[in-house]
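Reading through the structure tokens given below for one structure.
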Amino acid sequence: MRMNVLNLQIHPIATAILELLMDEWRSLDSSNLQSSAWYNGRECGICLYLRTGTKTLIVTFGEHRNSGEIFVDHWYSEEIFLNPPTVQNFTDKAYKQRKCFNCDKSNKAAQYIMSLFNLKTT
């Protein structure tokens with residue numbers, strides 16, 4: 001799972017979290033895990049999505065547009081994505097279950113993301 005984040009206007013906190021995740025996932029078979037840029041207004045972050053069975057888990061993260069905190073959103077979709085999910089696929093439920101972390105807690109955000117994918121960190 002490598003993403004070229006140059007010139008995508010991804011916030012540095014999102015790329016830092018992605019690097020933390022990649023360090024943890026190097027030894028795992030993550031061939032079905034997809035990544036893309038995530039743009040939701042001023043929230044320019046990362047989208048990870050994984051199809052398992054009949055559902056796709058979508059996780060987005062980056063810097064919160066209003067507070068400078070780290071946001072992590074997630075939701076499930078029955079849609080099979082030929083192109084990456086966009087804000088049009090975003091659900092109200094994802095907003096309601098949004099989790100935020102202090103900007104100096106990127107490791108906690110990465111651990112939370114790992115837990116969403118039911119993976120344990122080392």
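The values are calculated or read from the model by the stated rules, or taken from the named source; none is laboratory data. Bear in mind that the values here come from a model prediction, so they are computed numbers and not experimental data. With ideal geometry, Cβ positions are generated from the backbone for all residues, glycine too; neighbour counts draw on all protein chains shown.
Some notes on this structure:
- Taking the listed residues Tyr112, Tyr76, the one that is assigned to a helix (DSSP H, G or I) and not small (Gly, Ala, Ser) is Tyr112, with no other qualifying.
- Among the residues of segment 22-42, those that are within 18 Å of Gln88 (Cα to Cα) and modelled with pLDDT under 80 comprise Gly41, Arg42.
- Of the strands (runs of 3 or more DSSP E) that lie entirely inside segment 9-68, not one contains 3 or more residues that are in contact (Cβ under 8 Å) with a residue 24 or more places away in the chain and surrounded by fewer than 15 Cβ atoms within 10 Å (Cβ to Cβ).
- All conditions but one from (1) in contact (Cβ under 8 Å) with a residue 40 or more places away in the chain; (2) surrounded by fewer than 16 Cβ atoms within 10 Å (Cβ to Cβ); (3) farther than 15 Å from Ile17 by Cα apply to Asn118; the one that does not is (1).
- The C-beta contact set for segment 83-105 (first residue assigned to a loop (DSSP other than H, G, I, E, B), second residue of a type in the set (S, T, N, Q), distance under 6 angstrom, 6+ apart or interchain) comprises Pro84/Ser36.
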